[in-house]
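Since the structure comes first, as C-alpha cells, the remarks are kept for the end.
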Amino acid sequence: MNAPVDDRLTALRGSAQHRPYNARSLAALENNPRCTLRALLDASGSDKSAIAEHAGYPSAFGQSTFALARGNAFEALVKANGYAELLHVLRETLGLTVAEAGSRDLNDVGGDGGHEVRHAHTARLLVNAARGRGDSTLYDHPMLRLTVGGHAVFLEPDLVAFRVNDRFYIVEIKSFPIIDGQADPVQVKSATTQACAYVIALRDMLAQAGIGPEAVSDQIVLVAPKDFTNRPTAAFVDARKQVAALTRQLARLEGIKDLMDLLPDGLTFDLASDGKKAQRPVKELTDALDQVDATYRPDCLNHCEMAFYCRSRAREQASLDILGPAAREQFGGIDTATMVMGLARGELTPTADQGEMAIALRHAARLRAELDQTHRGAA
C-alpha cells in the first residue's frame with residue numbers, strides 16, 4: 001500500500017495504537033463483506049471496542065475469561081503426553097498411520113519466539129515436507145504470514161497436520177462440544193472462517209516456493225469435545241466457499257484506496273485520549289462514523305464490536321438490514337421499512353424496479369385489511 005493511503009489510514013486511526021489484523025478480524029470481513037465501516041476500521045487498525053464504548057454502545061463481543069481458560073485447558077489436554085489423544089483422533093479422521101506420528105513444536109525457535117524467526121523456520125519445515133523431505137506429521141502452532149492491504153499480518157493456527165494424501169490440513173481445536181455428531185452452527189462457522197485465513201496464508205507460503213494450492217486442503221479438521229465429556233472427537237468441515245469469499249475480500253482490501261477516495265477530507269475516528277480516557281465529544285465521533293456506509297446484519301452481533309452501534313443506526317434509518325439478508329433479498333430494490341409501508345399503502349410511486357414488488361405489497365395490505373375487518377366482526 002502506498003504512503004498517501006497509509007497516511008490517510010493513520011489519520012483515520014488518530015493517536016490510538018495500531019491494532020493489526022488477526023484471524024478473528026479477517027473472519028469478520030468474510031462474514032459481512034459489504035460493510036465499508038468495518039473495512040475502514042480494520043484497515044486503519046482502529047480500536048473498535050474503544051470506539052463503540054465511547055459512542056455509547058459498548059460491545060459484548062469477545063470471549064469470556066472462562067471460555068478462554070476452558071479452551072486453553074482443552075487444547076492442553078488433547079496435546080498432552082506427546083499428542084496422544086490428538087493422534088488417536090486424527091488417525092480416525094484423517095487415516096494417519098503409526099509411522100505418520102512425528103511432531104514439531106513451532107512455538108519458538110531455540111528459545112526465540114519472534115514472529116519473523118518463527119515464520120522463517122515454519123516456512124523451511126513445511127516447504128521441505130511438501131517436497132517429501134519432512135520427518136513430521138504434526139506442526140504445532142506454526143507461524144504463517146499473510147499480506148493484508150499491503151501490510152504483513154502474522155497468523156498462528158492451532159495445528160497443521162500433514163502427509164495425508166500428500167496434503168496439509170488446518171486443524172482447529174475448539175472447546176465447544178460436538179453432541180450426537182452436531183455442533184452449534186454459529187460456532188462452527190466462526191471457527192471455519194478463521195481457519196480460512198490460515199488456508200490462504202499457508203497456500204501463499206508454499207506458492208512462494210513454487211508449490212501449488214492443491215497442497216493445502218480446503219477441508220478444515222475441527223477437534224472438539226465429544227458430547228458432554230472432555231474426550232476429543234473430530235470432523236471435517238468443507239470451507240471452499242468461505243476460502244473463496246475471504247480471498248475476494250482480501251483482494252478488495254488491496255483496493256482500499258478506492259474507499260478512501262469517497263471519504264470527506266479530515267475525517268477521523270480518533271478518540272483524542274489523554275492516555276486514560278477518551279476526550280473527544282461523543283456527538284463529534286458519531287457524526288464521523290455516520291459519514292461512512294455501514295451494513296448491519298443480525299449476525300454482526302456474533303463477530304463485530306461495532307454491532308450495537310450499527311444496529312441503532314439501522315433502526316433510526318428504518319433500514320431493512322435490521323431484519324437480516326433474507327428480508328433484504330425479499331424486498332430487492334427497497335431500502336427501508338418506511339418505503340415498504342409507503343408502497344403497500346399506495347402513498348409512494350414505485351420506480352420501474354419496484355413495480356412488481358409494489359403490486360405484491362398492495363395486495364398483501366388489502367388481505368391484511370380484510371383479515372382485520374373479519375376479526376373485528378367476529379369480536
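The values are calculated or read from the model by the stated rules, or taken from the named source; none is laboratory data. None of these values were measured; they are calculated from a predicted model. Cβ sites come from the backbone with ideal geometry, for glycine too, and all protein chains shown count toward neighbours. Note: accessible area is taken over every heavy atom of the protein model, side chains too, but ligands, DNA and RNA are not part of it. Shrake-Rupley method; radii C 1.70, N 1.55, O 1.52, S 1.80 Å.
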Whole-Hz ³J(HN,Hα) for each residue in region 178-187, computed from phi via Karplus 6.51 cos²θ - 1.76 cosθ + 1.60 with θ = phi - 60°, x for glycine and proline: what do you get? 9, 10, 6, x, 10, 10, 4, x, 5, 6
Can you give the charge dipole size of region 1-160 about its Cα centre, rounded to the nearest 20 debye, using +1 on the beta carbon of Lys and Arg and -1 on the beta carbon of Asp and Glu? 360 debye
Counting only residues 5 or more apart in sequence or on a different chain, those whose built amide H sits under 5 Å from that of Ser103 are Thr137, Leu138
log10 of Debye I(q)/I(0), alpha-carbon scatterers only, for the chain at 0.07, 0.11 Å⁻¹: -0.41, -0.90
Karplus-derived 3J(HN,Hα) from phi for region 353-361 (6.51 cos²θ - 1.76 cosθ + 1.60, θ = phi - 60°), whole Hz, x at Gly and Pro, runs 6, 9, x, 5, 5, 4, 4, 5, 5
Result: in the chain the number of Lys pairs with C-alpha under 20 Å apart, spaced 8 or more or on different chains, is 9
Quick one: 3J(HN,Hα) in Hz for region 271-282, Karplus 6.51/-1.76/1.60 with θ = phi - 60°, rounded, Gly and Pro as x. 8, 6, 6, 8, x, 10, 8, 5, 10, 6, x, 4
Any idea what log10 I(q)/I(0) is at q = 0.17, 0.30 Å⁻¹ for region 10-70, Debye with uniform C-alpha scatterers and no solvent? -0.67, -1.30
Rounded to the nearest 20 debye, dipole of the chain from Cβ charges on Lys, Arg, Asp, Glu: 400 debye
Starting from the 7 Å offset along Cα-to-Cβ, what nm value, one decimal, do you get for the label separation of Asp258 and Lys226? 4.9 nm
So, taking all protein chains as they sit and a 1.4 Å probe, how much accessible area belongs to Ile200, in Å² rounded to tens? 30 Å²
Under a 5 Å amide H to amide H cut-off, with H placed in plane at 1.01 Å, what residues pair with Gly149 once short-range neighbours are removed? Glu254
